[in-house]
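All remarks here apply to the structure that follows.
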Protein chains: 2
Amino acid sequence: MPTDFALRRLQALLHEQIPLAREMGAEVTAWGPGGLEMTAPLAPNVNHHGTFFGGSASALGILAGWSLVHLLTMADGLDAEVVIQRVAVRYSAPAPGPVTAHAHRPDPSVWQRFVATQARFGLARLRVRVDLLCEGERVATLEASYAAKS
Amino acid sequence: MPTDFALRRLQALLHEQIPLAREMGAEVTAWGPGGLEMTAPLAPNVNHHGTFFGGSASALGILAGWSLVHLLTMADGLDAEVVIQRVAVRYSAPAPGPVTAHAHRPDPSVWQRFVATQARFGLARLRVRVDLLCEGERVATLEASYAAKS
């Protein structure tokens, strides 16, 4: 599990080194055995219909998935850069308020295989599912693939 | 073909009603028979590796595709709202500079079917391909599906 210090460092990285994450107001709002949650308010992410812009939603999901993999990778002592490779987003409903991205922690067996592959070959890929929620309802789902390279 | 006035109205809409598009510095930089180009500078879209943030790239592609469908829809006199339904992005290379999203105009037969379906049922879907380029090289491709509802 990542420490509180690791979570604070992640939040600082997001806001100091990724200006769009700061402009979006993206904040890590929860962390637990199930995964990581990141939330962004509506105002900086609104579109001309008064709902959450689809591009903001995809960016929030990509950030949440990246943050999950980054934290898990660091917690396991892997010295690897995590980069996005692919993402697929399905939008199911407009989001009239703040959006929370819940990035699901991979199954332990999947994670162990990822760690072993990365340590052996210096490169491994991981698929992460992210649900995007607004006012308790799912508004989009995201499947993102990340590569960890050392 | 959309008029210069329509292009200026689109640019105003993007910057006045979608704050993230303004923060990204997204500008329509070309329009022609092949489609629409939208460009964003690196600085507001940079990540901690000094390259274009993947979430910015997906948002730029979504905006470019949306703008293409919005302009074509208006030019054909359809009174319809265009919304994103799905998007799939493949990242192929890091982008160390400004990124241009080239949204490809659909084939005339595909477009005519879309217009006829929309006019008849009040709802039609269209798939748009967007190439993301940096310094002349492709850095990502995007397949986005939009719905037009009246």
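Every number in this text was worked out from the coordinates using simple rules, so none of it is lab data. Worth saying up front: this structure is predicted, and the values here are computed from it rather than measured. Here the Cβ is made from the backbone with ideal geometry for all residues, glycine too, and neighbour counts use every protein chain on show.
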When the stretch B:45-59 is examined, which residues are found to be more than 7 Å from every other protein chain (Cβ to nearest Cβ) and touching a Leu at 6+ places or on another chain (Cβ under 7 Å)?
B:Phe52, B:Ala57
Qualifying positions in the stretch A:98-111 - surrounded by 14 or more Cβ atoms within 10 Å (Cβ to Cβ) and either within 16 Å of A:Leu36 (Cβ to Cβ) or small (Gly, Ala, Ser) (or both):
A:Val99, A:Thr100, A:Ala101, A:His102, A:Ala103, A:His104, A:Arg105, A:Pro106, A:Trp111
Restricting the search to the stretch A:20-44, which residues are facing chain B (nearest Cβ under 9 Å) and either among the acidic types (Asp, Glu) or over 29 Å from A:Ser92 (Cβ atoms) (or both)?
A:Glu23
Filtering the stretch B:1-39 down to residues that are free of Cβ contacts under 8 Å to residues at least 60 places away in the same chain, aliphatic (A, V, I, L, M) and farther than 19 Å from B:Val130 by Cα yields B:Ala12, B:Leu13, B:Ile18, B:Leu20
Considering every residue within the stretch A:105-119, establish whether at least one is within 28 Å of A:Val46 (Cα to Cα) and within 17 Å of the chain's Cα centre (by Cα).
no
Those residues of the stretch B:112-128 that are crowded, with 16+ Cβ neighbours inside 10 Å and either more than 14 Å from chain A (Cβ to nearest Cβ) or without any contact (Cβ under 8 Å) to a residue 60 or more places away in the chain (or both) come to a total of 5
For the stretch B:70-97, pairs from a residue that is farther than 16 Å from A:Asn47 by Cβ and within 11 Å of chain A (Cβ to nearest Cβ) to a residue that is part of a strand (DSSP E or B) and polar (S, T, N, Q), with Cβ under 8 Å and 6 or more apart or across chains, are B:Arg86/B:Ser145; B:Val89/B:Thr141; B:Arg90/A:Gln85; B:Arg90/B:Thr141; B:Tyr91/A:Gln85; B:Ser92/B:Thr141
